[in-house]
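S.K.: There's a structure below that I have some questions on.
The values are calculated or read from the model by the stated rules, or taken from the named source; none is laboratory data. In this text, all values refer to a predicted model and were calculated from it rather than measured experimentally. Reconstructed Cβ throughout: ideal geometry from the backbone, glycine too, with neighbour counts over all protein chains shown.
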Amino acid sequence: MAPATKKFALSADLWAVIVSLTLALLVHLGVIKTVAW
Amino acid sequence: MTVATEQKSNPLALLPGIALLFAVGYAGKFIEQSIARYGKAHHLVLPNIEYVLWAILIGVILANTVGLPKIFRAGVATYEFWLKAGIILLGARFILGDILKLSGISFVLIVIELAMALTFMTYLGRWFNLRPKLISLLAVGSSICGVSAIIATQGAIEADEEDSSIAIAAILALGAISLVFFPLVGHALHMSDHAYGLWTGLAVDNTAEATAAGALYSDAAGKYAVLAKTCRNACIGFVVLGYALYWARKGQAAAIENKAAFLWKKFPKFVLGFLFISLLATLGTLDPKLFPSLASFIHFGFNRTQILALGNLSRWAFLLTFAGVGLSTSFKGLLKQGIKPFAMGAIGEIAIAGITLALVLAADHYYHL
């Protein structure tokens, strides 16, 4: 459990930043206009 | 092949698990909405049970009855990623000024919580006669931020894999229990969303469980819980560095040559993403007449529709996270850890929950949170 989590935890942090900022950019550019909940 | 290497070699291997996270999370949302619709149609006052609880419950039942087939495991393990993405996007729902104000109070309480929790857990571990490095891992896990802190500390102090697994299992078991007790205590004490969110952010160890425990109370409480927990996460590097230096001085861990590089390596980068999104959301709300010097930057900010869209993206990311929390909770795995670390963790957690509750109630009394 631990080694897999360790490797994943390190990459998940940066991946989350990259994916979230990309989504935010798409929203800002109007590519994603509305998101329903 | 480990989950991580499998995922790195083939990202498609993640899809079945992510689809399962979505199915479980959406089922939770569907149940919540169905109950509300039924109550409305039949003029009944039914308790509003948030989708968070349904998603976690469905996940726990699935994981502990039929089990999680291998094909889903890599994708389900991505819930930590969805959690961090959800937190970053949640930054859109915070104005920077609010963050500074709230995190100011949070940081004061966090420093007190950290000092008391680390001291208490260390003495408690000695009293339970546990191995010294296991005590360090449990102290870090329960005082700062659960699994991530334990993993970071394990590498820094060169602790055994077994100690790390035991500490993680104890923290996860206690996190699952906190999902039941925190909302109950919050409702019993009629706590405000802000005070309750601050309390869960300070007292619940793992970020996913802290977010879920907050969201179980209300949407606003979930928001405050994330903010307080993010402040706590930001301190991880300092605490891990402290332990690394302590064990290095004892000759039982490698010496730290560059402390600044060490701090940066351990610093959770998603905190910066959260602040950046919040900065853009704040820029978008500024009136150019009131802030003429910032007028040329305001168009970089998000407008209200964009803030709403980002807030909803954050909610979808959290929906996947909560499903993952349930699907990753294995009672069998939690029982394997042995009674002593669990007992130490449980006593420590109850004490930390009590201390932080007193701190938050006092802050609420004097500063009207």
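S.K.: Return a yes/no flag: does the range B:15-22 have any residue that is modelled with pLDDT of 90 or more and within 13 Å of chain A (Cβ to nearest Cβ).
M.R.: yes
S.K.: State all residues of the range A:16-29 that are under 12 Å from B:Leu310 (Cα atoms) and more than 7 Å from every other protein chain (Cβ to nearest Cβ); if no residue qualifies, say none.
M.R.: Matches in the range A:16-29: A:Thr22, A:Leu25, A:Leu26.
S.K.: How many residues does the range B:64-96 contain that are assigned to a helix (DSSP H, G or I), of a type outside the set (Val, Ile, Thr), touching a residue at least 60 places away in the same chain (Cβ under 8 Å) and within 14 Å of chain A (Cβ to nearest Cβ)?
M.R.: Qualifying residue count, the range B:64-96: 15.
S.K.: May I pose another question? Counting only residues that are within 13 Å of chain A (Cβ to nearest Cβ) and hydroxyl-bearing (Ser, Thr, Tyr), which one in the range B:138-175 is nearest to the chain's Cα centre (by Cα)?
M.R.: Filtering the range B:138-175 for residues that are within 13 Å of chain A (Cβ to nearest Cβ) and hydroxyl-bearing (Ser, Thr, Tyr), the one nearest to the chain's Cα centre (by Cα) comes out as B:Ser148.
S.K.: Where in the range B:266-343 are there helices (runs of 4 or more DSSP H), lying fully within it, with 3 or more residues that are at the interface with chain A (Cβ under 9 Å from one of its Cβ atoms), modelled with pLDDT of 90 or more and on the phi > 0 side of the Ramachandran plot?
M.R.: Here the list is empty.
S.K.: Oh, and also: What's the number of the only condition in (1) over 20 Å from B:Met116 (Cα atoms); (2) hydroxyl-bearing (Ser, Thr, Tyr); (3) under 16 Å from the mean Cα position of the chain (by Cα) that B:Ser178 fails to meet?
M.R.: (1)
S.K.: Any residue at all in the range B:322-330 that is aromatic (Phe, Trp, Tyr), surrounded by 24 or more Cβ atoms within 10 Å (Cβ to Cβ) and within 22 Å of B:Val226 (Cα to Cα)?
M.R.: The answer is yes, given that some residue of the range B:322-330 is aromatic (Phe, Trp, Tyr), surrounded by 24 or more Cβ atoms within 10 Å (Cβ to Cβ) and within 22 Å of B:Val226 (Cα to Cα).
S.K.: Name the one entry in B:Ala244, B:Ala213 that is away from every other protein chain (no Cβ under 14 Å), in contact with a Phe, Trp or Tyr (Cβ under 8 Å, 6 or more places away or on another chain), assigned to a helix (DSSP H, G or I) and more than 28 Å from B:Gly326 (Cβ to Cβ).
M.R.: Step by step, each of B:Ala244, B:Ala213 is checked, and only B:Ala244 is away from every other protein chain (no Cβ under 14 Å), in contact with a Phe, Trp or Tyr (Cβ under 8 Å, 6 or more places away or on another chain), assigned to a helix (DSSP H, G or I) and more than 28 Å from B:Gly326 (Cβ to Cβ).
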